[in-house]
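Working notes, beginning with the structure itself.
The values are calculated or read from the model by the stated rules, or taken from the named source; none is laboratory data. Because the structure is predicted, anything quoted here is derived from the model rather than measured. Here the Cβ positions follow ideal geometry from the backbone for every residue, glycine too, while neighbour counts run over all protein chains shown. Remember, those area values only see protein heavy atoms, side chains included, never the ligands or the DNA or RNA. Shrake-Rupley method; radii C 1.70, N 1.55, O 1.52, S 1.80 Å.
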Amino acid sequence: MSDILKRTLLEHARALSAGEYSAEELARAYLSRIDEKDKEIGAFLAVAEESALNAARASDKRRAEGRSLGLLDGIPIAVKDNICAKGIATTCASKMLDGYIPPYDAAAVERLRLAGAVILGKTNMDEFGMGSSCEKSAFKLTKNPIDTSRVAGGSSGGSAAAVAASFAPCALGSDTGGSVRQPAAFCGTVGMKPTYGRVSRYGLVAFASSLDCIGVISTSVADNATVLGAISGKDARDATSSDREADFDNRLDLGVSGLRIGLPKELFSDAVSDGVKSAVMSAAEIYERLGAKVFEISMPSLDMSLPAYYLISSAEASSNLARFDGVRYGCRAEKYSDINELYIRSRSEGFGDEVKRRIMLGTFALSAGYYDKYYAKAQMAEELVRRDFERAFGECDLLLSPTSPEVAFHIGEKSGSPTNMYASDICTVPASIAGIPALSLPCGADGGMPVGLQLMGRAFSESTLYRAAYALERERGRER
Amino acid sequence: MENKALLNIGDAERIAELAKLDFSALDVERICSDLNEMIFFASRLSELEKLEKKDFEGSFSLSSLREDKPSLGISREELLRSAESSCDGFISVPRVIGGESR
């Protein structure tokens, strides 16, 4: 049974349909592997064994009665721990929410359950989504399954590691500044951050509401498109969600002939390691060979993306995390003399250092005397970046860059200085602040560690990204 | 660009008060240093000094709002399960205006 755990989600779907094994057998196989191997990796915070097996049995019953719900029926999926799943602890990897059991499903989880998917459990992450290594969880460290002395990336490190370690064929993550793409790259998997508004944020614990996106991590491009299609769509409970058609997986093999692919030179700076550049440029050459037109372009405002992102996201986080005050849910301090002290002690005891840093930065940026110089300027920078992308998409159909300036770094390597860690988001943050879709897929290796290539497209052009990613994946052979 | 500290300990303490966070003497020094490092990191945006809000007229628009229609939500009972302390269908907190807590 353990050999089948390397299969893709769609291979499982075909096998279930053919009766090769049951959904319950499949769920048990993944649960058994998690039980055996996750002690070394630390991908999961909660494994929902009982409910997963119940869901798997229900799937088998439906299939036996000829009522299968489709491709995802009986498929095990892991979910990042900032996405609410009813009855399963959702902690955002924070002491602040230790023991919190949501009374509702996030819209994305609802859609997966309606499609018959089996929720295996909740994956580890950097606390409240604030981090790029999965070292900022309050509960455990997630290690990179390819080299356990290295980080899995963040903040969706648990989801990426779960897929890379064959604990699940697919996982949901969230991406605010790169938190699906970067861990996907570090762990040698495919990670998609869709257009802002593609997937309802209802039930995603808010970090930065104008930037947060639920995304998908998988072992193959086709799997990724299938799951994204299932979780996308308009939701009345999220005013920013879109009703644009979400039909991604039926035109994957159109190829790239005639596509214009731009390489923003600002994302190939000296900050990017030679090994990463080499792997990404080899992939660019493959695209040329396949008939795409590949050329360098310049997007000067991209240099302002990173500072703008950190100011805007921190400002929004300081507002969003104000709800964690010890009153309605989560950590409440034991000793306090009045309501104000309840708030202060609960928050100070519940939040970790990085979360406190970001709240402080956000509060500073929004405070009187500093708002115009910092937050307002960050908004202007954000608009300049959007305009730069608009101009670039006048010349190109897609943009191509490294996902991260380096491969997965060693555990503890970047713990010394906060801004040292922030610099690893340099390639992913521009697409986040522009709200456009961006996908990372493996394109080679550097020193034995996977290198991720990032494709970015116009808003709602996920089909084009998947088509281009599929072409490269097919040409290079699937990584696993 | 020279990294000149913008904030002092007093500033950090004032921001902490606004953020409803409490730091020990050692931690407030560290957070002040971290904040200055992060502010220096963001100082690239000073290149936009010459630009004003009017140069971006209409850019910062609100997202569309849905109609305010009441509908069934999560039950009071389910919501109270998450609260540390409740009484008669309400969440209990320390008395807001003077006196001892319940």
* From A:226, A:189, A:195, residue being in contact with a helix residue (DSSP H, G or I) (Cβ under 6 Å, 6 or more places away or on another chain) and either surrounded by fewer than 22 Cβ atoms within 10 Å (Cβ to Cβ) or of a type in the set (Ser, Thr, Tyr) (or both) -> A:189
* Residues within the range A:330-355 that are more than 27 Å from residue A:371 (Cβ to Cβ) and in contact with a Pro (Cβ under 9 Å, 6 or more places away or on another chain), tallied -> 6
* Asked: Quick check: is even one residue across the range A:166-175 more than 30 Å from residue A:28 (Cβ to Cβ) and either part of a helix (DSSP H, G or I) or open to solvent by 10 Å² or more (accessible area, probe 1.4 Å) (or both)?
  -> no
* To do: From A:56, A:93, A:64, grab the single residue that is at pLDDT 95 or above, over 24 Å from residue A:325 (Cβ atoms), crowded, with 16+ Cβ neighbours inside 10 Å and of a type outside the set (Phe, Trp, Tyr).
  => A:56
* Asked: Which condition breaks for residue A:268 when tested against (1) in contact with a Pro (Cβ under 9 Å, 6 or more places away or on another chain); (2) under 22 Å from residue A:467 (Cα atoms)?
  -> (2)
* Asked: Within the range A:416-453, how many residues are part of a strand (DSSP E or B), touching a helix residue (DSSP H, G or I) at 6+ places or on another chain (Cβ under 6 Å) and closer than 21 Å to residue A:260 by Cα?
  -> 7
* Does the range A:350-368 contain any residue that is open to solvent by less than 10 Å² (accessible area, probe 1.4 Å) and charged (D, E, K, R)? -> yes
* Asked: Given the conditions (1) farther than 21 Å from residue A:176 by Cα; (2) free of Cβ contacts under 8 Å to residues at least 24 places away in the same chain, which single one is not true for residue A:229?
  -> (1)
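Could we say that residue B:5 is touching a strand residue (DSSP E or B) at 6+ places or on another chain (Cβ under 7 Å) and modelled with pLDDT under 85 here?
Numbers: touching a strand residue (DSSP E or B) at 6+ places or on another chain (Cβ under 7 Å): no; modelled with pLDDT under 85: yes.
Considered against the rule, which asks whether it is touching a strand residue (DSSP E or B) at 6+ places or on another chain (Cβ under 7 Å) and modelled with pLDDT under 85, residue B:5 comes out as no.
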* Structure fact -> In the range A:443-474, anything open to solvent by 50 Å² or more (accessible area, probe 1.4 Å), over 17 Å from residue A:403 (Cβ atoms) and touching a strand residue (DSSP E or B) at 6+ places or on another chain (Cβ under 8 Å) is listed as A:448
* Asked: Can we say residue A:317 is open to solvent by 10 Å² or more (accessible area, probe 1.4 Å) and either touching a strand residue (DSSP E or B) at 6+ places or on another chain (Cβ under 9 Å) or within 29 Å of residue A:403 (Cβ to Cβ) (or both)?
  -> no
* Kindly indicate which of A:297, A:359 is under 29 Å from residue B:42 (Cβ atoms) and in contact with a strand residue (DSSP E or B) (Cβ under 6 Å, 6 or more places away or on another chain). => A:297
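Confirm whether residue A:401 is small (Gly, Ala, Ser), within 13 Å of chain B (Cβ to nearest Cβ) and touching a residue at least 24 places away in the same chain (Cβ under 8 Å).
Working: small (Gly, Ala, Ser): yes; within 13 Å of chain B (Cβ to nearest Cβ): no; touching a residue at least 24 places away in the same chain (Cβ under 8 Å): yes.
Answer is no for this residue.
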* Taking interchain pairs and intrachain pairs at least six residues apart, which have beta carbon atoms under 7 angstrom, with the first residue in the range A:328-344 and facing chain B (nearest Cβ under 7 Å) and the second among the hydroxyl-bearing types (Ser, Thr, Tyr)? -> A:328/B:82; A:329/A:100; A:329/B:82; A:332/A:346; A:342/A:336
* **the range B:1-27 residues that are at the interface with chain A (Cβ under 7 Å from one of its Cβ atoms), paired with ones that are loosely packed, with under 13 Cβ neighbours inside 10 Å and at pLDDT 95 or above (beta carbon under 9 Å, 6 or more apart)** => none
* Is there a residue being under 27 Å from residue A:316 (Cα atoms) and more than 14 Å from every other protein chain (Cβ to nearest Cβ) anywhere in the range A:114-123? -> yes
* Can you tell me which of A:303, A:243 is closer than 21 Å to residue B:45 by Cβ, open to solvent by 60 Å² or more (accessible area, probe 1.4 Å) and within 14 Å of another protein chain (Cβ to nearest Cβ)? -> A:303
* Asked: Any residue at all in the range A:69-80 that is surrounded by fewer than 19 Cβ atoms within 10 Å (Cβ to Cβ) and within 28 Å of residue A:241 (Cβ to Cβ)?
  -> yes
* Asked: Right, residue A:436: surrounded by fewer than 24 Cβ atoms within 10 Å (Cβ to Cβ) and more than 14 Å from chain B (Cβ to nearest Cβ) or not?
  -> no
* Structure fact -> The correct count of residues that are in contact with a helix residue (DSSP H, G or I) (Cβ under 8 Å, 6 or more places away or on another chain) and over 18 Å from residue A:383 (Cβ atoms) in the range A:297-320 is 6
* **Which listed residue is hydrophobic (A, V, I, L, M, F, W, C) and in contact with a helix residue (DSSP H, G or I) (Cβ under 7 Å, 6 or more places away or on another chain), from A:389, A:393** => A:389
* Are any of the residues in the range A:429-451 within 20 Å of residue A:252 (Cβ to Cβ) and in contact with a Pro (Cβ under 8 Å, 6 or more places away or on another chain)? -> yes
